[in-house]
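The block underneath contains the structure these notes are about, expressed in structure tokens.
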Amino acid sequence: MKKIKYFSTFSGIGGFELGIENAAAELGIATECVGCSEVDKFATSVYQWHFPNTKNYGDITKINAQELPDFDLLVGGFPCQDVSILGKRAGLAGERTGLFYELAKILGIKQPRYFVFENVKGLLSSDKGEDFRKILQVLDGLGYDVQWGVLDAQYFRSPQHRERVIIVASF
């Protein structure tokens, strides 16, 4: 049986993990989360209850990517506060959404075969679309074949209308 090893960033309470494990089970693929990165103590508490054997590497800005175990897939919903239409719209220059560059650093060092990132729809219009262009440019520069789209959670077994930009790529 094929096994996909993945690393989860901005892990929260483990939503990506649940999705990955459910989808992989339907396809007959084994999964292994080789680690996660989360700093919120309450989210971490819930995460560890659901996934007690997953090591939390903590603050993404302090991770030495060269010391991470190898993995096939990097996942993360990097912070949206700086691109949300409800926020101040600081974009990629903002302290939180700018953490995207930490994901890019990990991609550049570890070069996993795939990644899946998620963010709010406001990412597309932040700085008149320039922030999203920069993200695509960075990912392309790392050698990834990038695809993206806007998906609404209500069409994927969720009871709420929640549009998200999904960025997927392969190396």
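The values are calculated or read from the model by the stated rules, or taken from the named source; none is laboratory data. Just so we're clear, the structure is a prediction, and the values are computed from it rather than from any experiment. Here the Cβ positions follow ideal geometry from the backbone for every residue, glycine too, while neighbour counts run over all protein chains shown. Quick note on the areas: whole protein, heavy atoms, side chains included, nothing else; ligands and nucleic acids left out. Shrake-Rupley method; radii C 1.70, N 1.55, O 1.52, S 1.80 Å.
Which cross-chain or sequence-distant (5 or more) residues have an amide H under 5 Å from the amide H of Thr31, H modelled 1.01 Å from N in plane? Counting only residues 5 or more places away or on other chains, the set is Ile4.
Helical content of the chain, expressed as a calculated mean residue ellipticity at 222 nm, amounts to -8500 deg cm²/dmol (DSSP H runs of 4 or more residues, -39,500 (n - 2.57) each, divided by residue number, nearest 500). Largest accessible area first, the residues Leu86, Leu73, Leu124 order themselves as Leu86, Leu124, Leu73 under a 1.4 Å probe with ligands, DNA and RNA left out. Which shape class applies to the range 90-171: rounded if a/c is under 1.5, otherwise prolate when a/b exceeds b/c and oblate if not, where a ≥ b ≥ c are the square roots of the Cα gyration tensor eigenvalues? Verdict is oblate for the range 90-171. Taking a virtual spin label 7 Å from the Cα of Lys105 along the C-beta vector, which residues in the range 142-162 bring their backbone nitrogen under 17 Å of it? Within reach of a label on Lys105, which here means backbone N under 17 Å from a point 7 Å along Cα→Cβ, the range 142-162 contributes 142. Under 18 Å of direct C-alpha separation, and excluding same-chain neighbours fewer than eight residues apart, Lys134 reaches these aspartates and glutamates: Asp82, Glu95, Glu102, Glu118, Asp145. In terms of the Cα gyration tensor, with a ≥ b ≥ c the square roots of its eigenvalues, is the chain rounded because a/c is under 1.5, prolate because a/b exceeds b/c, or oblate? Rounded is the answer for the chain, as its axis ratio a/c remains below 1.5.
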